[in-house]
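The structure appears below as structure tokens.
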Amino acid sequence: MEMRKLGGVSVSRLGLGTMTWGRDTDEHEAAQQLQEFVESGGNFIDTAAVYGDGDAERVLGGFIDTLVKRENLFIATKAGINFKDGVRQISNSRNDLISDLDKSLARLNIEHIDLWQIHNWDRHSPLEESLSALDYAVSSGKVRYVGICNFNGWQLARSATLQNPIFGKAAIASAQNEYSLLNRRVEAELIPATQSLGIGFIAWSPLGRGVLTGKYRSGVPSDSRGASPHFANFVEPYLNDQSKQIVEAVCVAADGLGYSPLEVALSWVRDAPGVTTTLVGARTGAQLRGILTVEQIVLPQQVRVALDEVSLQS
């Protein structure tokens with residue numbers, strides 16, 4: 001698998017997401033996915049303290065140095081989101097972030113995290129306080145690189161300015177945001193900011209929350225995430241007429257090229273300007289094998305241009 005630079009290290013241009021591990025994806029299937037991914041040359045593994053209420057990290061931790069060697073993985077996790085009494089809460093206080101960090105290290109059963117990220121913007125916590133947790137994480141040796149997720153352009157720029165390494169701060173190495181043909185908002189400010197600042201960009205949900213695979217063209221399949229109680233509200237925003245036009249264009253391109261809609265949509269994001277790593281997720285090892293075939297594909301420039309135009313007009 002092709003590698004790209006994130007900070008001073010090389011990471012695979014596809015990253016393995018673990019959001020469903022320990023819940024919709026059992027340990028057996030998760031093990032298959034990890035093995036398939038590493039054997040294909042991938043090393044970037046993305047998880048979070050909140051995924052499965054910690055189960056995703058716990059499952060991944062059970063595979064490290066048993067199924068795969070620690071040195072072959074670049075492990076990224078996130079902190080700052082939790083569920084209390086079933087209610088989603090964001091807290092980027094120094095106390096809560098560092099508490100999440102220690103719990104993540106314990107669940108993953110590792111000595112350090114390669115990339116530790118603040119999961120979301122918290123308007124109630126002073127940014128300087130939140131960023132101080134990143135400094136602690138690096139200076140303590142618990143973390144190698146730090147990043148932010150789901151910040152907008154000015155929030156990233158402000159964070160990067162405050163974290164200037166000239167002043168002994170832990171530099172922001174990456175920004176992670178949603179990016180697909182169905183959601184190109186990061187192109188306006190976020191990606192230009194990462195390119196200007198020399199910060200890596202990690203794309204999540206490159207398949208438009210699964211909609212760009214074409215599986216929802218005739219309705220919501222009973223075995224899909226759109227029918228799952230955990231993810232129905234997550235998928236629903238892209239089940240509209242505007243998205244249908246883009247999905248149809250992707251399917252037409254796929255038919256003409258002899259690829260699957262998934263391969264077309266994923267390779268479009270993977271090779272978009274400024275993208276360092278694109279996260280992919282699957283419920284089974286077989287599904288992941290199908291996704292990893294995208295490594296053999298490069299979209300013709302005229303197809304990229306056509307999809308650009310359709311997705312911007314819709």
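Relative to the longest principal Cα axis of the chain, at what angle does helix 241-257 sit, 0 to 90 degrees, rounded to 10?
So the helix axis and the longest Cα principal axis differ by about 70 degrees.
Quick one: check the C-alpha center-to-center distance for segment 242-289 versus segment 51-121, whole angstrom.
Distance between centres, Cα-based: 28 Å.
Hey, could you get me the Stokes-Einstein D for the chain, Kirkwood radius over alpha-carbon pairs, 20 °C and 1.002 mPa s, rounded to whole µm² s⁻¹?
In µm²/s, the coefficient is 108.
Roughly how many debye, to the nearest 20, is the charge dipole of the chain about its Cα centre, given +1 on each Lys and Arg Cβ, -1 on each Asp and Glu Cβ, and no other charges?
I would put it at about 360 debye.
Give a quick list of chymotrypsin sites (Phe, Trp or Tyr not before Pro) in segment 54-113 that DSSP marks as loop, anything other than H, G, I, E or B, with at most 14 other Cβ atoms within 10 Å.
Hits after loop and neighbour filter: nothing returned.
Among 213, 243, 191, which residue has its Cα furthest toward the positive end of the charge dipole of the chain, with +1 on Lys/Arg Cβ and -1 on Asp/Glu Cβ?
Working it through, the farthest residue towards the positive pole turns out to be 191.
Which FRET efficiency, nearest 0.05, do residue 112 and residue 257 yield, Cβ-Cβ r, R0 41 Å?
Here the calculated transfer efficiency is 0.45.
Counting GluC sites (Glu not before Pro) as exposed when in a DSSP loop with at most 15 other beta carbons within 10 Å, what is the longest stretch of the chain free of them?
In short, 190-314.
In degrees, nearest 10, range 0 to 90: what is the angle between the Cα axis of helix 27-39 and the longest Cα principal axis of the chain?
Between the helix axis and the principal axis of the chain, the angle is about 80 degrees.
Given R₀ = 41 Å, FRET efficiency for residue 66-residue 197 by Cβ-Cβ distance, to 0.05?
So, using R0 = 41 Å, E works out to roughly 0.60.
Connecting C-alpha atoms closer than 10 Å in a GNM of the chain, tell me which of 49, 188, 203 has the biggest fluctuation.
188
Using only Cα atoms and rounding to the nearest 10 degrees, what angle (0 to 90) does helix 261-270 make with the longest principal axis of the chain?
With rounding to tens, the tilt is 40 degrees.
Calculate for the chain the 222 nm mean residue ellipticity that helices alone would give, adding -39,500 (n - 2.57) per DSSP H run of length 4 or more and normalising by residue count, nearest 500 deg cm²/dmol.
-11500 deg cm²/dmol
Treating each Cα of segment 1-125 as an identical point scatterer and ignoring solvent, apply the Debye formula and state log10 I(q)/I(0) at q = 0.12, 0.17 Å⁻¹.
Computed log10 I(q)/I(0) values: -0.44, -0.86.
Based on the inverse mean of 1/r over its pairs of different Cα atoms, what is the Kirkwood hydrodynamic radius of segment 97-209, in Å?
14.6 Å
How big is D for segment 130-175, in µm² s⁻¹ as a whole number, if Stokes-Einstein is applied with the Kirkwood radius of its Cα pairs at 4 °C and 1.567 mPa s?
122 µm²/s
At a Förster distance of 45 Å, what's the computed FRET efficiency of residue 89 paired with residue 297, Cβ-Cβ distance as r, to 0.05?
It comes to 0.65.
Would you work out the relative contact order for segment 140-221, in percent, from Cα pairs under 8 angstrom that are 6 or more residues apart?
Relative contact order, segment 140-221: 28 percent.
Starting with the fewest neighbours, write out 251, 149 ranked by other beta-carbon atoms found within 10 Å of each beta-carbon.
The fewest-first ordering by Cβ neighbours comes to 251, 149.
Taking Rh as the Kirkwood radius, which is the inverse of the mean 1/r over Cα pairs, what is the Rg/Rh value for segment 270-314?
My calculation of the ratio gives 1.05.
Can you tell me which aspartates and glutamates have their Cα less than 18 Å from the Cα of residue 5? Leave out same-chain residues fewer than eight positions away.
Answer for residue 5, where 18 Å is the Cα cut-off: 46, 71, 114, 271, 295, listed by chain and number.
Here, each number is a calculation from the coordinates, and none is a lab measurement. The model shown is predicted, which means the values in this text are computed figures rather than measured ones. Note: ideal-geometry Cβ built from the backbone for every residue, glycine included; neighbour counts use all protein chains shown.
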